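The values are calculated or read from the model by the stated rules, or taken from the named source; none is laboratory data. Model, not experiment: these values are computed from the prediction. Neighbour counts are summed over all protein chains in view; Cβ atoms, including those assigned to glycine, are modelled from backbone coordinates with ideal geometry. The protein model used for the area step is the full one, side chains on, heavy atoms only, and it has no ligands, DNA or RNA in it. Shrake-Rupley method; radii C 1.70, N 1.55, O 1.52, S 1.80 Å.
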Amino acid sequence: MDEKFSGKIINIPIVSPAKEDEKQDIARSFYLSMVLANLMLAFFKSQSDIVADSMHIFDYEVSKGDTLACYYAGIAYFRNLDNSGRQGKGVNLLIKAMNAGIEDDGEYIQAIDCVRLGQFVNQDEKKAARLYRKLSQMGVSEGTYRLAYCYEWGIGVKKDSKKAEKLYEEAAKQGNIDAKSKIISDDAGELFGGKTRKWKYLLSKAPRIIEL
């Protein structure tokens, strides 16, 4: 089976907005997620008429100001499921959905990375840093990790190693594997790189590493 097919079709996200009637939200989320699933199937089967109909549904819902539709339409455009090459539109729709409080992590991270790197949209490192912060505030560990990276290297923010270290530790507490690995790696570098060789330092660091 095609790798893209197996990876994209199985992981169909179903989310609900932060505000509005709960039952309506669930129904709308299910409906839009099924439109997205149908679109993906049609894409891989090259059924252009179904693809066009599905995108028409998304565009219509987005035009009504439906932020949940922005999320699903954003995924469709970002993954270029309509072969229109409008991934930039997908980036903007995903960011709009994120700012409206629609929960997700992976799709948003990829969209913000595009803003930071200038892929499909104009490069804006300051905006990317703000969006990573927003995602971090939503409890997404990868957002916290990316924000820490920005502070470590001065990307879109003033370089600040202390803030970076604090954010890496926060991301690790949120369960981010990359942040945990970095903390352990940095600690090892300090211990064996000549910055300090005191056993007291090793003992002070050990509990933190074990806890992570």
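For this structure, a couple of remarks:
- Region 123-175, residues that are polar (S, T, N, Q) and either over 25 Å from A100 (Cβ atoms) or touching a residue at least 60 places away in the same chain (Cβ under 8 Å) (or both): S161
- Checklist (1) surrounded by 14 or more Cβ atoms within 10 Å (Cβ to Cβ); (2) at pLDDT 90 or above; (3) not acidic (D, E) applied to A52, failing item: (1)
- Y132 being within 21 Å of A69 (Cα to Cα), within 13 Å of the chain's Cα centre (by Cα) and of a type in the set (F, W, Y): no
- The single condition from (1) touching a helix residue (DSSP H, G or I) at 6+ places or on another chain (Cβ under 6 Å); (2) within 23 Å of N176 (Cβ to Cβ) that G106 fails is (1).
- Yes/no for Q24 being modelled with pLDDT of 90 or more, out of contact with any His (no Cβ under 8 Å at 6 or more places or on another chain) and open to solvent by 60 Å² or more (accessible area, probe 1.4 Å): no
- Number of residues in region 75-121 that are open to solvent by 20 Å² or more (accessible area, probe 1.4 Å) and part of a loop (DSSP other than H, G, I, E, B) equals 16.
- Condition met for L41 (buried (at least 19 other Cβ atoms within 10 Å of the Cβ) and either at pLDDT below 95 or part of a helix (DSSP H, G or I) (or both)): no
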